[in-house]
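Everything below concerns the one structure shown next.
The values are calculated or read from the model by the stated rules, or taken from the named source; none is laboratory data. The model shown is predicted, which means the values in this text are computed figures rather than measured ones. Cβ sites come from the backbone with ideal geometry, for glycine too, and all protein chains shown count toward neighbours.
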Amino acid sequence: MAERATQDPDARPPRSAGALVLDVDHPRPDTAVLVVSGELDTLTAPELDEALRALVGAPERLLVVDLSGVSFLASSGLAVLIQAAHRAEDRDRALHLVVTARAVRRPLEITGSDQLFVLHADLPSALED
């Protein structure tokens, strides 16, 4: 009789190649940068939402989300970004996005949600504001 492997119910599934990587940096006292890499989809959107909630709740006035490492933006990831824009506005924070890939820029443009953000082609230009 074959023995069945038991799995730890609290174990996290292995991360795939499209897994989200989130890093926060504080290049100056009034600025927080969330660097996002990977794919923004239904599986990773909750991670981004959690990170953005923390970012918007932080004391910094300029919040930059660097999406230059994002290779795919699904509607669920877009929804999280839109919600963050509204929360930032409610808290009188400026939320800027660094967008380099067409796969990220196109969904923003098609939905008109690019109007909610200040878009930048690279991180240095986002930090000039």
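For the reader, a short list of remarks on this structure follows.
- Just one residue in the set Val104, Val98 is at pLDDT 95 or above, buried (at least 17 other Cβ atoms within 10 Å of the Cβ), among the hydrophobic types (A, V, I, L, M, F, W, C) and more than 14 Å from Leu62 (Cβ to Cβ); that residue is Val104.
- When Glu50 is tested against (1) crowded, with 18+ Cβ neighbours inside 10 Å; (2) without any contact (Cβ under 8 Å) to a residue 60 or more places away in the chain, just one condition goes unmet, and that condition is (1).
- Residues within region 23-44 that are touching a Phe, Trp or Tyr at 6+ places or on another chain (Cβ under 9 Å) and either hydrophobic (A, V, I, L, M, F, W, C) or part of a strand (DSSP E or B) (or both), tallied: 3
- In region 73-105, residue farthest from Leu55 (Cα to Cα) [restricted to those that are charged (D, E, K, R) and in contact (Cβ under 8 Å) with a residue 24 or more places away in the chain]: Asp92
- Any hit, region 55-70, residues being assigned to a helix (DSSP H, G or I) and buried (at least 17 other Cβ atoms within 10 Å of the Cβ): yes
- Answer residue from region 98-113, given it is in a helix (DSSP H, G or I) and among the β-branched types (Val, Ile, Thr) and is nearest to Ala74 (Cα to Cα) among those: Val104
- Residue in region 98-105 that is over 12 Å from the mean Cα position of the chain (by Cα) and closer than 14 Å to Leu116 by Cβ present: yes
- For region 71-90, a residue qualifies if it is aliphatic (A, V, I, L, M) and assigned to a strand (DSSP E or B), and exactly one does: Leu73.
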